[in-house]
């Protein structure tokens, strides 16, 4: 019996890794600031800013599916349908009080990752999943911590 052939995995560029990690700064900073005992007016601003940023990122994650679909001659409609769902949910979450909206954002970050675990390999993007997991874990945890402190 022959061992399975080694699979080639495209390496991620350093800039993609670095920029992804840099994109976590507003999540981590926002969650930390929520817990610093700020004045009520500033506390409300920080929680809303964290929610708005989370909404942008959740929308971005949905948009990736449109990009995957654009690469295909006859893309499945599911790529475009799912690509819109995160934006709509994020929009509603931004309109909620931050204590509830940040929970929705955190849950959507997890849901987006779980969907991407099934979709990315089909479209040749499985090599992004390790980075996606790490970024999603920190971002969703930041949202949940921000919600707890809101």
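None of the figures in this text is laboratory data; all of them are computed from the coordinates on show. Computed from a predicted model, the values in this text were never measured in an experiment. Backbone-built Cβ (ideal geometry, glycine too); neighbour counts: all protein chains shown.
Data overview
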item: Cα gyration tensor category, rounded, prolate or oblate, for the range 85-143 with a/c compared to 1.5; result: oblate
item: Percentage relative contact order, the chain, counting C-alpha pairs under 8 Å, at least six apart; result: 32 percent
item: Residue order, fewest to most beta carbons within 10 Å, for 127, 43, 65; result: 127, 43, 65
item: GNM result for the chain, Cα springs below 10 Å: residue of 55, 30, 124 fluctuating most strongly; result: 124
item: Net lengthening on full extension, residue 25/residue 91 (0.36 nm per residue, minus Cα-Cα); result: 21.6 nm
item: Förster radius 22 Å - calculated FRET efficiency between residue 133 and residue 70 (Cβ-Cβ, nearest 0.05); result: 0.35
item: Least to most buried among 78, 47 (fewest other Cβ within 10 Å first); result: 78, 47
item: Angle in degrees between helix 77-95 and the longest Cα principal axis of the chain, rounded to the nearest 10; result: 10 degrees
item: Folded to 0 to 90 degrees: helix 129-149 orientation relative to the chain principal axis, Cα; result: 20 degrees
item: Pairwise Cα inverse-distance average, inverted: Kirkwood Rh of the chain (Å); result: 16.4 Å
